[in-house]
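The values are calculated or read from the model by the stated rules, or taken from the named source; none is laboratory data. Owing to the predicted nature of the structure, the values given are computational and were not obtained by experimental measurement. Cβ placement follows ideal geometry from the backbone for every residue including glycine, while neighbour counts extend to all protein chains displayed. For the accessible areas, the whole protein counts, side chains as well, though only heavy atoms, and no ligand, DNA or RNA atoms are used. Shrake-Rupley method; radii C 1.70, N 1.55, O 1.52, S 1.80 Å.
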Amino acid sequence: MAKFSPPPGTADIFPEEMPLWYRLEDTARRIFPLYGYGELRTPVFEYTEVFKRGIGDETEVVQKEMYTFEDRGGRSLTLRPEGTAGVMRALLNTDVMNGNEKRVFYIGPMFRGERPAAGRRRQFHQVGVENAGRVAPELDAECMAMMMQYLEDLEINGAKLLINTRGVQADRKPAEKVLREYFRKHIAEMCDDCKTRVERNVWRILDCKQPGCGGIVKQAPDYVSTYTAESRAYFDTVCGLLTAFGVDFEIDKQLVRGLDYYAHTVFEVIHPGLGAQNAIAGGGRYELYLPENSKPIIGVGFAAGLERLLMVQEALKVAAPAPARGPVFLISMGNAARAFNMELAHELRSRGIPVVIEVEEKSMKAQMRAANRVNAAFAVICGGEELEKGRVVCKDMREGSQNEISRSELNSFLGKIYKTEV
Ligand code: HAM
C-alpha cells in the first residue's frame with residue numbers, strides 16, 4: 001500500500017485542518033499589503049539554472065536537496081526549493097534593475113529532498129516577501145519589523161529574532177582570513193566536514209551543529225570588526241532602527257544562513273517550543289547574479305515555514321479559529337419532497353447559503369444523524385403534509401426549537417442568519 005500513501009516527507013491536508021492554514025495565509029494577505037506588498041505567483045518549477053546561479057552551486061540545497069528532472073523537451077527543470085530565486089527571475093524584466101523598488105509576497109509549496117523529521121518535510125509551505133531593487137538599512141529593519149508583526153498577529157509569543165551581518169563582497173576576504181587563521185589552529189578538534197571547510201568555505205563552520213565544533217566556534221574572533229566602516233555603520237543603523245521600532249533582537253555572530261546570496265543583514269527567528277528544527281522564519285539582504293555577466297538583482301526579504309508556524313501555535317495552545325456556521329441540512333420524506341428540496345437546495349446555494357441534502361430515501365432518524373455528522377446549524381424538514389400546506393419545518397439544531405414556516409419566510413430567515421442578500 002506504500003505506493004498509495006503520500007511519499008515520505010509529504011502530507012495531505014484535509015478540509016478540517018484548513019481553517020488553521022487559512023489563518024496563516026489570510027494574516028499574510030492582510031499584514032503585508034500594509035507595507036505595500038502585492039502577491040506574486042511564480043511557477044512551482046523553474047529552469048535548474050535559476051537555482052544554481054541564484055542560491056549558489058556550493059550550498060547544501062543545490063548540491064544535495066533539489067528535485068531536478070529533465071522534461072520531454074530535454075530541459076533541466078527543478079521544483080523550487082525556495083521562493084527568492086524564482087521571484088527574482090520574474091522581476092528581472094521589470095524596472096527593479098533601474099533602482100525602482102518592487103515589493104512582492106508569495107505563499108506556496110517548496111520542495112527539498114531532506115531527511116524527513118519533525119518540522120522537516122520534502123514538500124513544505126512558505127509565506128515569503130521580497131523587497132527588490134534598492135539597498136538601504138531602513139528597508140532591512142522594516143522587513144524584520146513586518147515579519148515580527150506577522151508572527152505577533154498569529155499569537156506566536158516567545159519567538160527570538162537573531163540577526164547578523166555578512167558584509168559585502170569586499171568584506172569577505174579580510175574576515176575569512178581572520179577566521180581561517182583561527183580555525184587552522186583548531187583543525188584537529190573539528191569534525192571531518194569542518195576540516196575541509198577551513199579552506200573551502202570557512203563560513204559554514206560557524207553554523208556547524210556538531211558538539212565538538214560548537215565550543216571552538218564560540219571562541220572564534222570577532223570577524224565583523226574587520227569589515228569596512230561603511231558595512232559596520234549599515235548594520236548599526238539596522239540595529240538602531242529595530243530598537244526604535246521596539247523589536248527585540250539578539251546579535252548572533254554564528255548566524256550565516258545556508259544560502260549563498262546574502263550580503264549585509266541576515267536574520268532568523270527561532271522558537272524554543274520546537275525541537276531541533278527550531279527556525280520558523282529566516283531571511284536577509286541579498287544579491288543574486290542570475291544571467292551571466294549581469295549586474296546583480298538586489299533585495300531584502302524573508303520566508304516563514306507554515307508547517308513550523310502551525311507546530312508552534314499548537315505548542316502554545318493558540319485557540320483554533322472559530323468554526324464557520326454549519327450548513328442547512330434538507331431532510332426529505334418521500335420522492336415528491338426530495339424533488340422539492342433539490343430545487344430549494346439549488347436556490348439557497350445560489351444565494352450563498354451552504355446546503356447539504358440527502359439524495360437517497362432514508363428514515364427521518366438516519367437523516368437527522370447525517371445532519372449532526374456535518375454539524376448542520378439547521379435542519380429543514382419536508383414531507384407530504386408540508387408539501388400540501390406549502391410550508392416546511394425549520395429546526396435550530398443547537399437550540400432544538402422548531403417552526404413551521406413558508407418557503408419565502410425560510411428564504412428571508414436563512415438569508416439574515418447567513419448574511420446573504422434577501
Ligand atoms: P530558509 O531559511 O531556507 O530561507 O527557509 C525559510 C523557512 O522555511 C525556514 O525558517 C523554515 O521555517 C522553513 N523550511 C525550510 N526548509 C524546510 C523543510 N524542509 N520543512 C519544513 N520547513 C522548512 C529561504 O527559503 C529564503 N528564500 C528566505 C529569504 C527570502 N531570504 C530572502 N528572502
Give me the pairs, please: first residue somewhere in region 249-267 and closer than 19 Å to residue 51 by Cα, second residue anywhere and part of a loop (DSSP other than H, G, I, E, B) and among the hydrophobic types (A, V, I, L, M, F, W, C), beta-carbon distance under 9 Å, and either six or more positions apart or on two chains.
262/256; 263/135; 263/168
Please return the ranges of helices (runs of 4 or more DSSP H) entirely within region 187-286 where 1 or more residues are modelled with pLDDT under 95 and of a type in the set (Ser, Thr, Tyr).
192-200
Restricting attention to region 60-76, which residues are outside any loop (DSSP other than H, G, I, E, B) and either of a type outside the set (A, V, I, L, M, F, W, C) or away from the ligand (no atom under 16 Å from the Cβ) (or both)?
60, 63, 64, 65, 67, 68, 69, 70, 76
Using the structure shown, decide if residue 106 is within 30 Å of residue 244 (Cβ to Cβ) and of a type in the set (Ser, Thr, Tyr).
yes
Filter region 288-322 down to residues that are polar (S, T, N, Q) and open to solvent by less than 40 Å² (accessible area, probe 1.4 Å) and give me whichever is farthest from residue 25 (Cα to Cα).
294
So which strands (runs of 3 or more DSSP E) are wholly in region 324-422 and hold at least 1 residues that are outside the structural domain of residue 20 (by TED's automatic domain parsing), without any contact (Cβ under 8 Å) to a residue 12 or more places away in the chain and out of contact with any Asp or Glu (no Cβ under 8 Å at 6 or more places or on another chain)?
402-406
Can you find a residue in region 77-89 that is more than 10 Å from the ligand (Cβ to nearest atom) and under 23 Å from residue 28 (Cα atoms)?
yes
Answer with yes or no whether residue 160 is over 21 Å from residue 237 (Cβ atoms) and either among the hydroxyl-bearing types (Ser, Thr, Tyr) or not assigned by TED's automatic domain parsing to the domain that holds residue 258 (or both).
no
Matching residues in region 143-175 (crowded, with 17+ Cβ neighbours inside 10 Å, out of contact with any helix residue (DSSP H, G or I) (no Cβ under 7 Å at 6 or more places or on another chain) and not basic (Lys, Arg)) number 7
For residue 31, work out the one condition from (1) out of contact with any strand residue (DSSP E or B) (no Cβ under 8 Å at 6 or more places or on another chain); (2) open to solvent by 10 Å² or more (accessible area, probe 1.4 Å) it doesn't fulfil.
(2)
Please tell me if residue 134 is touching a residue at least 24 places away in the same chain (Cβ under 8 Å), touching a Gly at 6+ places or on another chain (Cβ under 9 Å), open to solvent by 20 Å² or more (accessible area, probe 1.4 Å) and more than 12 Å from the ligand (Cβ to nearest atom).
yes
Could you tell me which numbered condition residue 309 fails, if it satisfies all but one of (1) assigned to a helix (DSSP H, G or I); (2) away from the ligand (no atom under 16 Å from the Cβ); (3) within 30 Å of residue 124 (Cβ to Cβ)?
(2)
Per the filter on region 254-267, residues buried (at least 16 other Cβ atoms within 10 Å of the Cβ) and either within 9 Å of residue 164 (Cα to Cα) or of a type in the set (Phe, Trp, Tyr) (or both) are 255, 256, 261, 262, 264, 265, 266, 267
Do we find a residue being among the basic types (Lys, Arg) and within 16 Å of the ligand (Cβ to nearest atom) anywhere in region 251-260?
yes
